[in-house]
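The values are calculated or read from the model by the stated rules, or taken from the named source; none is laboratory data. Predicted, not measured: the structure shown is a model, and the values here were computed from it. Here the Cβ positions follow ideal geometry from the backbone for every residue, glycine too, while neighbour counts run over all protein chains shown. SASA here: full protein model, heavy atoms, side chains in, ligands and nucleic acids out. Shrake-Rupley method; radii C 1.70, N 1.55, O 1.52, S 1.80 Å.
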Amino acid sequence: MSDVKIGAYICKGCGLGDRLDTAALAKIAEREGKAAFAKEHDFLCSEAGVAMIREDIEKEGVNRVVIAACSRRAKTDAFAFDGDGVAVSRANLREGVIWARPDTEEARETTQEMAEDYVRMACAEVRYMTPPQPNPEAQTNRRILVVGGGVSGMTAALEAAKAGYEVTIVEKSGALGGWAAKLHRRVPDHAPYADPQETGVEAMIQSVEADPRIEVVLNARITRTSGAPGRFSADITTESGQTRTENFGAIIQASGFIPYDASKLPELGYGKTPDVVTQLELEELVRQAGGGPVKRPSDGKEVRSVVFVQCAGQRSDKEGHLPYCSGFCCTASIKQAMYFKDQNPDIDTTILYTDLRTPGYLEDFYRSGQRKGVIFTKGVASEVKPANGGGAVVHFKDLILDEDVQVEADLVVLATGMIPNSGVDIEKPEKREGQSDEDYQKALEEARVRMGLNPGEESVLNLQYRQGPDLPKLRYGFADSHFICFPYETRRTGIYATGPVRRPMDITQAMEDAVGATLKAIQALENAGKGRAAHPRVGDLSYPSFRRDGCTQCKRCTVECPFGAIDEDEERYPVFNESRCRRCGTCMGACPVRVISFENYSVDTVGQQIKAVDIPDEFSEKPRILVLACENDAYPALDMAAQNGIHYSPFVRIVPVRCLGSVNTIWVTDALNSGYDGVILMGCQKGENYQCHFVKGSEMAHYRMGKIGDSLEQLQLEVERVQTYEVAITDIERAPRLINEMEQLIEKIGMSPFKF
Amino acid sequence: MSDLNAQMVEKYRNSFLKEVEANVEEGEWVKMCMQCGVCSGSCPLGPYWEHPPQEIFMMIRAGKREEVLKSESMWMCTSCYNCIVRCPRGLPITHIMHGLAHYAERLGLAPKQNPTRRFALMFWDNIAKHGRVNETVLSIKLYFMDGFSAGIKRALEMLPVGLGMLKAKRFNPWGLFFHKGCKGKRDIQKILAKAREIELAKAAKFGG
């Protein structure tokens, strides 16, 4: 590390100069932080300040820069020296120190100590950082693979082609169009939202076929997918058994949905009389009628009355039913009732609903249906029986009039839902050795919820990933995406799920969704070409690497990577696929022998910060609390708390981490060993409604910290000294409170005996 | 039982809705109700209605013709217009309630003893005769609506108010014997007769 030259820059703006002794900070940076020099500046983020740093980089050969000024979340544009082969560390003196402390004489000493520690920490961190270089294996491939030729897939293909990218659509059936092609008309997508409109699928198919950038492969499946963003390789196998291998930069999975099997609803008359049909079957009947009156399937009599039963086998906890709302069926029934009303206004059409859901402007479509004389009855159907002489009788409870009634109709239409066509359950449990039956049953139950009614028999993508052949699912078989922050991102970088495979949706929503997924796919392949992260650390050049001679092949990193970025080679060493990586560092946190690191983020960069903090002796009444805070939520929450004038303990030293999942337990045990009195870990919400950017990071951290009690007992320390919390970005009052509570706790249980 | 069954099935045909649309003032709005219940929740007399407006709309759609038309419910409306202001679908609920009451009266199905109905008829006779309300006669009639002794009792209760009004020249006891009415009494009666004719012609179209 002979070529490391640290330049430390201490800002005096924003009141830092008034509140802190910056000359002392500069001295500490030089003496303790081993900086080549430390400079103070009145206004560091100004043009002059930045120019000063740039000049030092160019003329003085500074390659490590310490900015002791505001939070690393502020002024990122001014202090962006990363691209120049320079590593930058930020000491958070503004939000982290002066704004978090009262401006009083008594507080002055501890506030200054806080600032000094942050300068020490920044110097220590930067010394162990390496300026990140782009991934040398980066490849650019501007072709996109679209799996599925329905409305979502075709929209994605057309959008990608318009943006100048080559597309291959692989469709398993013999024709493009998917389920939408089977519709007579669709729910309107534009004002005045009054009548059913042409599906537009024919025109869409024509433009797909006419587009020179789009290749369509029908009757084909993906039999193998390997690689990573920028260099995916896929085997496309046609029905005849011919296979060809193609390379792609990104993949869009638009594998759509499977209609719910209505034969599971005998209580609603399906299968008992042909006059009870599903919405899809009605579309076929209407198409057959060709504009004339619709005929009853049982005897060909003209239909004079229709009852639509909403939520058939949906929004129900009964076994074999869908627990969720499929979202499209209310407006679909209104549309279908209009088929009848538009043909003959004297036909009675009743929609039997419990909650009518007509999102957005489709409320106007609902009104239009009412205007056309469609009767909306709030009630729950209990039974549908075949009627004498054709048709069926619907027994239901009227929820407004609170009575059991029945109505006879020539035709009963069941609004059944959609099941995502998302492939196999890659997390399907197998009974492990030593696992109790009870635990195994619990795991099986979780798998049932995860897959819902998805049969999970045939893989869609056949990924050659260590984690399994398809995208992970969260609930009911829908491909998991981060629905709070990044709805298009699946847990497989460069593979984007879109349309009803991601969540239930109608045509309008699916088309909008496909545009989003396409833009994401383009982003992913372009970033992969430049060797940098696409998401969520956009533009991050660093990527994890491991020291092979230290690796014990324990496979923890490959198992715990939430994104399947790490495979194993023949010798069972990890193989990092950089462009699949999201740079969360969960592998780094997992590694028991600590051989995994990023160039600018490693066990050392954080470990050295922890060590750099000055620990006063046991009798000083100045405890030290270490906070490892997620940089996405907890750290900004603390910044915002300080911006809002919320003060917290001066004994706390906060280290931002990429994700709580990257926290290696060695940091915690080292901290306690070197005399810290308490450690707080702040990550995001975990579990089913996770908010973690990296899906599993926070969960992993909680799991790992659950086991740290043993280490504490060995050290004969109180277990309360280590706390793990879920902190949201909005917890601006709670996060400082948690810190202050730790200070009070330490006051109660006493200082750590490990201070030397 | 099967007879009742058939009746119920028959009820769920939507012909009554059409009847209402054709004959009741603003009746074409009934189908636009989305059953949110804001009207029922907003009505200051809501708890006293047997069937609040939301339910009335549902009953019309369910074809409960007799039950709706014989109901006392729409006679409860005091025209405060709270429901109209709040209805997210913009239904003129107050007008529909009055329209329904009026229609029921026309068909002879309205509850005979309903006090609102009786007062309304009294008021109508009074104003139609002279083109202007004779307040003295109207209030005396209202007091004695339920018989002589009840009338005396009510009048005595209101005595202080009546004396006060007399002092302030807001009450004219001579009105009991002399009432001028408005200038064009005959013209007013002609107008009313014509209006009635038009209404009946409209009703005849749908056999109401």
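Some values worked out for this structure:
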quantity: Set A:493, A:552, A:518: member being at negative phi, open to solvent by less than 50 Å² (accessible area, probe 1.4 Å), of a type in the set (Val, Ile, Thr) and part of a loop (DSSP other than H, G, I, E, B); calculated: A:493
quantity: Failed item in (1) more than 13 Å from chain A (Cβ to nearest Cβ); (2) within 16 Å of the chain's Cα centre (by Cα); (3) open to solvent by 10 Å² or more (accessible area, probe 1.4 Å), with residue B:93 passing the rest; calculated: (3)
quantity: Where residue A:349 falls short, out of the listed (1) part of a loop (DSSP other than H, G, I, E, B); (2) hydroxyl-bearing (Ser, Thr, Tyr); (3) under 21 Å from residue A:405 (Cα atoms); calculated: (1)
quantity: Search result, residues across the range A:672-689 that are open to solvent by 10 Å² or more (accessible area, probe 1.4 Å) and either under 17 Å from residue A:634 (Cα atoms) or not hydroxyl-bearing (Ser, Thr, Tyr) (or both); calculated: A:673, A:685, A:686, A:687, A:688, A:689
quantity: Subset of the range B:23-70 [at the interface with another protein chain (Cβ under 8 Å from one of its Cβ atoms) and open to solvent by 20 Å² or more (accessible area, probe 1.4 Å)]; calculated: B:31, B:34, B:54, B:55
quantity: The range A:78-104 residues that are on the phi > 0 side of the Ramachandran plot, paired with ones that are among the aliphatic types (A, V, I, L, M) and modelled with pLDDT under 90 (beta carbon under 8 Å, 6 or more apart); calculated: none
quantity: Single residue of A:381, A:387 found to be more than 11 Å from chain B (Cβ to nearest Cβ), crowded, with 19+ Cβ neighbours inside 10 Å and touching a residue at least 12 places away in the same chain (Cβ under 8 Å); calculated: A:381
quantity: Scan of the range A:105-132 for residues that are farther than 26 Å from residue A:601 by Cβ and touching a helix residue (DSSP H, G or I) at 6+ places or on another chain (Cβ under 9 Å), ordered by number; calculated: A:108, A:111, A:112
quantity: From the options A:373, A:327, A:300, A:291, residue that is on the phi > 0 side of the Ramachandran plot, under 41 Å from the mean Cα position of the chain (by Cα) and of a type outside the set (Asp, Glu); calculated: A:327
quantity: Yes/no for residue A:91 being open to solvent by less than 20 Å² (accessible area, probe 1.4 Å) and touching a Pro at 6+ places or on another chain (Cβ under 9 Å); calculated: no
quantity: All positions within the range A:585-601 that are among the small types (Gly, Ala, Ser), within 19 Å of residue A:131 (Cβ to Cβ) and open to solvent by less than 10 Å² (accessible area, probe 1.4 Å); calculated: A:585
quantity: Wholly within the range A:681-756, helices (runs of 4 or more DSSP H) carrying at least 1 residues that are closer than 30 Å to residue A:536 by Cβ and of a type outside the set (A, V, I, L, M, F, W, C); calculated: A:697-706, A:734-749
quantity: Filter result (touching a residue at least 24 places away in the same chain (Cβ under 8 Å), closer than 20 Å to residue A:559 by Cβ and part of a helix (DSSP H, G or I)) within the range A:421-479; calculated: A:450
quantity: Residue check for residue A:463: crowded, with 18+ Cβ neighbours inside 10 Å, at pLDDT 95 or above and of a type in the set (A, V, I, L, M, F, W, C); calculated: yes
quantity: Residue under evaluation residue A:342, criteria (1) within 14 Å of another protein chain (Cβ to nearest Cβ); (2) open to solvent by 30 Å² or more (accessible area, probe 1.4 Å), criterion not met; calculated: (1)
quantity: Leading residue by the ranking (surrounded by the fewest Cβ atoms within 10 Å (Cβ to Cβ)) among those in the range A:119-175 that are among the charged types (D, E, K, R) and in a loop (DSSP other than H, G, I, E, B); calculated: A:137
quantity: Selected residue [open to solvent by less than 30 Å² (accessible area, probe 1.4 Å) and modelled with pLDDT under 95] from A:434, A:373, A:360; calculated: A:373
